[in-house]
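The values are calculated or read from the model by the stated rules, or taken from the named source; none is laboratory data. Quick caveat: nothing in here was measured; it's all calculated off a predicted structure. Glycine also receives a Cβ, built like all others from the backbone with ideal geometry; neighbour counts cover every protein chain displayed.
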Amino acid sequence: MISKRQQIMSGREMERSLARLVLQIIERNNGVEKLALVGIHTGGVFLAERIKKKIFEHEGVDIPVGSLDISLYRDDWSLAAQSPMVKETNIDFKVEKYDIILVDDVLFTGRTIRAALDAIMDFGRPHSIQLAVLVDRQCGRELPIQPNYAGYELLESIEDHVEVLLSEKAGHDEVLLIPRQP
């Protein structure tokens, strides 16, 4: 068991992982003309914007990007807080026209992604939905949800916490593994 906070990804490693994810997305989809990105608040929104920028650098195509708040779609929202903090959902394109790349920072139990799928379907039925995550916590999955693209695969204890720090909010990029306090 890890006894203190451990960096599992530096900012440089995060950038390399995102660059690799972009190439995999482009290759799997035979280009980007039918793609749109939807980031899950909060970390997924920042990562979706970064992926959009990298796709533009590679392909010269400015693909649509949206943001999704899943607070009211969660199956545990009543347990988390009596008044959930609702953030903005902004999907200003017709999802039916696109293959959606759903973007989040960490995949753990799968419950956030399940809620995001429900939320997207309220906007229409996309051609397909693929999942891109920065960190795939392979232990602790409660639902049969797997990413199509993962920047880092983590097999540590389910009790430990993964914290993704992004420059847009924290001032720097880093992924930390934080042991559960006894």
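I need the helices (runs of 4 or more DSSP H) fully contained in segment 1-101, keeping only those with at least 1 residues that are modelled with pLDDT under 95.
43-59, 77-80
Residues that are closer than 17 Å to Met9 by Cα and part of a loop (DSSP other than H, G, I, E, B): does segment 138-150 have at least one? Show your work before the answer.
Just the residues of segment 138-150 that are closer than 17 Å to Met9 by Cα, to begin with: 138, 149-150.
In the following step, the residues that additionally are part of a loop (DSSP other than H, G, I, E, B) were identified as 138.
Looking for residues that are closer than 17 Å to Met9 by Cα and part of a loop (DSSP other than H, G, I, E, B), one finds at least one in segment 138-150, hence yes.
Kindly provide the set of residues from segment 55-70 that are surrounded by fewer than 21 Cβ atoms within 10 Å (Cβ to Cβ) and either touching a Leu at 6+ places or on another chain (Cβ under 6 Å) or on the phi > 0 side of the Ramachandran plot (or both), ordered by number. Passing the criteria: Gly60, Ile63. Being touching a residue at least 24 places away in the same chain (Cβ under 8 Å), outside any strand (DSSP E or B) and crowded, with 21+ Cβ neighbours inside 10 Å is the requirement here; does Ala132 meet it? Against the criterion (touching a residue at least 24 places away in the same chain (Cβ under 8 Å), outside any strand (DSSP E or B) and crowded, with 21+ Cβ neighbours inside 10 Å), Ala132 does not qualify. Ile113 meets all of the listed conditions (1) surrounded by 13 or more Cβ atoms within 10 Å (Cβ to Cβ); (2) assigned to a loop (DSSP other than H, G, I, E, B) but one, namely (2).
Would you pick out the residues in segment 151-182 that are within 20 Å of His41 (Cα to Cα) and without any contact (Cβ under 8 Å) to a residue 60 or more places away in the chain?
His161, Glu163, Leu165, Ala170, Gly171
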